[in-house]
Amino acid sequence: MSKRLTVYEQHKIFQRLVALQDEGKGVKESRAIICSKYGLTQFRLKQVEDRGISRDWLSKPALIARGSK
């Protein structure tokens with residue numbers, strides 16, 4: 001079971017995933033890097049990714065208040 005992540009942590013992970021892809025890493029490679037770095041399963045990372053997309057985290061600053069939704 002993956003560890004529970006705060007919204008702040010999820011946002012940071014999502015931003016890092018996007019940054020890796022912007023740097024030219026492929027989707028599969030960037031996901032593998034993030035899973036390894038943060039100790040996440042592919043399934044859990046996909047949940048974070050889906051949440052980031054649905055909440056439009058791409059257009060929001062990386063630094064959000066801890067605990068905000």
- Label-point gap, in nm, between Arg4 and Lys37 - each point 7 angstrom along Cα→Cβ: 2.5
- Would you mind calculating the gained length between Gln47 and Lys60 on full extension (0.36 nm times residue separation, minus the Cα-Cα distance), in nm to one decimal? 2.8 nm
- Query: Any idea of Leu5's accessible area? Nearest 10 Å², probe 1.4 Å.
  - Reply: 20
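The values are calculated or read from the model by the stated rules, or taken from the named source; none is laboratory data. As the structure is a computational prediction, the values presented were derived from the model and not from experiment. Neighbour counts are summed over all protein chains in view; Cβ atoms, including those assigned to glycine, are modelled from backbone coordinates with ideal geometry. Note: accessible area is taken over every heavy atom of the protein model, side chains too, but ligands, DNA and RNA are not part of it. Shrake-Rupley method; radii C 1.70, N 1.55, O 1.52, S 1.80 Å.
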